[in-house]
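Peer 1: Got a structure for you, written out below as structure tokens; questions coming shortly.
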Amino acid sequence: MIRVTVLGSCGTYPLAGRACSGYLLEAEAGGRVAKVWVDTGSGTLANLLRHVSLPEVDAIWLSHLHIDHVSDLPVVNYAMRFGNFPHRQLPVYGPAGWADHLRRFVSLQSSDTAETGHDAIEQVFEVHELSDGRRIRLGPLQLTAVATRHSVETYGVRAVADGGVVAYSADSGPCDALGVLAADADLFICEAAWRDWPEEARPIHLTPQLAGEWAARSDARRLLLTHLRAPTVPEVARERAIAVYSGEVSLAREGDMFEFGGNP
């Protein structure tokens, strides 16, 4: 069984009562369980804690270092350091330099960084860096990093467990990597940040129509549109995807849960 729970789906900035990008991936097979938090956008920690505690999280996956995908990570650092949790290093997988990125932010915000020394981040997080095609096994869950086309180093993730496949585009413009990522996926979580293609824009995001086209091209069985932002009207976005994709199309909302694989 593989389950995905939407923790946040807003693009660029949160809306009232909503959160930026974040997802909880859970897998269970043969008595083994894995729980991975994918992207730690603003507001996702509070939503994560509705489902699991921080000690239950096996790893964090950061697709890229834009603030709407990582802004809750410094708060996790504080929670792990000052909360009443058993001491452990939480594995974090992210683009090159993510730990230095976080270390610089924390050192500017906290006077007690000097007391814990240069390795303050490593006291809380186990540092891992992603590369295109890297595979990570966490119990019954296999994660594959797929480099997508964005303005900074970015990795979508293809998650496989017990016959179920979930693909997450992260932020991406049109690229062949999307086809690799979402091939025959049970669920393709795909960004659609642009309502329409901006004139002379760099290809760093998708429109709902392009998300539908890539879902169709990849033979994904279900499309979940995410990372929508104003002035996009969600239902209009869904209609545009449906026009080019014959599978089921949904709009990602906090608390939505999808489950695949496992015994019938």
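Peer 1: Hey, among the residues in segment 28-49 that are in a loop (DSSP other than H, G, I, E, B) and in contact (Cβ under 8 Å) with a residue 12 or more places away in the chain, which one's surrounded by the fewest Cβ atoms within 10 Å (Cβ to Cβ)?
Peer 2: Looking at residues that are in a loop (DSSP other than H, G, I, E, B) and in contact (Cβ under 8 Å) with a residue 12 or more places away in the chain, I get Gly30.
Peer 1: Would you mind finding the one in Gly212, Gly261, Gly247 that is out of contact with any Ser or Thr (no Cβ under 7 Å at 6 or more places or on another chain), within 29 Å of Arg135 (Cα to Cα) and at pLDDT below 95?
Peer 2: Selected residue: Gly261, the only one of Gly212, Gly261, Gly247 that is out of contact with any Ser or Thr (no Cβ under 7 Å at 6 or more places or on another chain), within 29 Å of Arg135 (Cα to Cα) and at pLDDT below 95.
Peer 1: Being closer than 13 Å to Glu254 by Cα and either in contact with a Gly (Cβ under 7 Å, 6 or more places away or on another chain) or among the polar types (S, T, N, Q) (or both) is the filter here; which residues of segment 19-47 pass it?
Peer 2: Hits for segment 19-47 are Ala19, Cys20, Ser21, Gly22, Gly41, Ser42, Gly43, Thr44, Asn47.
Peer 1: Same structure again: What are the residues in segment 72-94 that are among the charged types (D, E, K, R) and within 26 Å of Thr154 (Cβ to Cβ), if any?
Peer 2: Residue satisfying the conditions is Asp72 alone.
Peer 1: Out of the residues in segment 12-27 that are outside any strand (DSSP E or B) and under 16 Å from the mean Cα position of the chain (by Cα), which is surrounded by the most Cβ atoms within 10 Å (Cβ to Cβ)?
Peer 2: Filtering first and then ranking leaves Ser21.
Peer 1: Moving on. Scanning for something crowded, with 21+ Cβ neighbours inside 10 Å, of a type in the set (Gly, Ala, Ser) and outside any strand (DSSP E or B), does segment 130-153 turn up at least one residue?
Peer 2: Taking every residue of segment 130-153 in turn, none turns out to be crowded, with 21+ Cβ neighbours inside 10 Å, of a type in the set (Gly, Ala, Ser) and outside any strand (DSSP E or B).
Peer 1: Can you pull out every residue in segment 39-64 that is touching a Leu at 6+ places or on another chain (Cβ under 6 Å) and closer than 19 Å to Leu225 by Cβ?
Peer 2: Thr44, Asn47
Peer 1: Oh, and also: Sort out which residues of segment 15-53 are touching a helix residue (DSSP H, G or I) at 6+ places or on another chain (Cβ under 8 Å) and either modelled with pLDDT under 95 or of a type outside the set (A, V, I, L, M) (or both), and write them in order of number.
Peer 2: Cys20, Ser21, Gly22, Lys35, Trp37, Asp39, Thr40, Gly41, Ser42
Peer 1: Looking at segment 242-257 only, could you name the residues that are more than 18 Å from Cys10 (Cα to Cα) and surrounded by 15 or more Cβ atoms within 10 Å (Cβ to Cβ)?
Peer 2: Scanning segment 242-257 gives Ile242, Val244, Tyr245, Gly247.
The values are calculated or read from the model by the stated rules, or taken from the named source; none is laboratory data. Remember, it's a predicted structure, so these values are computed and weren't measured experimentally. Every residue, glycine among them, receives a Cβ derived from its backbone with ideal geometry; neighbour counts consider all protein chains shown.
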